């Protein structure tokens, strides 16, 4: 099985391969630096370059690539649906980040395997496929690499893009490098998009979009253990016998915590209102390597900070009129618990020009969202949540805190927003079954 490439496409792909080989020493240094804060990056490092120890695993697994934490959560929903159809199916999970790897370990069963996605050189991608010999590859959401696609075409391994999304910024970048991106998208065996808008953008890069199947993340289900732990936390957050309102800063990125602190302290009357209401701030940084940095920032500003990793469940979080109480969510894999613990959430990544985070998980757990002006990575989800009444868009952090106060003073409006989110998710479920059927057809 081959795929036609023009001579210019072949020349550009060759030059890309040369460049990626030359960049390998830089990648090694980067991994070692990241490994100082996140030791997961130091595990099995030769796999990043196509080298494997030990015997080759049993061939024929379904390979699912989930680059990081968010994609791994979507992959969990897909894998559960596939196991429902084929209970004996075995999976190979690959990732590119330590958080994705850590989350992926919870999905493994006997006979499954886990590995790093190799660096995108011809040698590393061929080594990966020769070692693992998957039956089918499924890339989650966005991860399309030129050499990886070509290696799968040459090895006759069907490669699909599931839960596919592509924003305007990525489309512009892809068109700018069309001699690389278009052959990569053209080489995919199947593409299943989240929305018609995503399908149209993917089509402009040459992808053969078979169908629009929706977003897998709408099929997320609350887990009893997560709900029980959320209730334990809420019972701790009391003042004078009354439960405290909990406002979450969800998946914050660098600079947003400072932005929040400045806005919080800027208006004395608003800060006094938060203290009078007994607000507990639940702050969850997006990247684990920043946990210590964020803790030190909050402590230096005189806030009363309790870290999730150090929390004693027998001791309540101090809530008083003299300090701002913050529960620092420095754990992995507990976002469902955090969302179920919160009355509302400020969407991280949307107050800086970073594209925001996915709102669906918050809506699924009944947590209304206040988002900033920058949600372009999840434009359709943000627009749908806003139109449904499950989210509100503000222009800056100051506006976000004003909206927090407005919802605290209007609990009926907050309750309506919560229900709107639950309704939105309920109406959009069913993607997992559709993706499982599509994959069955490809198999």
Checklist entry - Can you name the number of the only condition in (1) more than 19 Å from residue 154 (Cα to Cα); (2) at pLDDT 95 or above that residue 17 fails? => result (1)
Checklist entry - Got at least one residue in the range 155-173 being in contact with a strand residue (DSSP E or B) (Cβ under 8 Å, 6 or more places away or on another chain), assigned to a helix (DSSP H, G or I) and buried (at least 22 other Cβ atoms within 10 Å of the Cβ)? => result no
Checklist entry - Among the residues of the range 258-305, which ones are more than 25 Å from the chain's Cα centre (by Cα) and assigned to a loop (DSSP other than H, G, I, E, B)? => result 267, 278, 279, 301, 302, 303
Checklist entry - Residues in the range 364-385 that are within 22 Å of residue 423 (Cβ to Cβ) and at pLDDT 95 or above: how many? => result 5
Next on the checklist: I'm trying to understand the selection: among the residues of the range 382-428, which are within 14 Å of residue 355 (Cα to Cα) and touching a helix residue (DSSP H, G or I) at 6+ places or on another chain (Cβ under 6 Å)?
Outcome noted: 393
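The values are calculated or read from the model by the stated rules, or taken from the named source; none is laboratory data. Just so we're clear, the structure is a prediction, and the values are computed from it rather than from any experiment. Don't worry about glycine lacking a Cβ; one is built from the backbone with ideal geometry, like all the others, and counts go over all protein chains shown.
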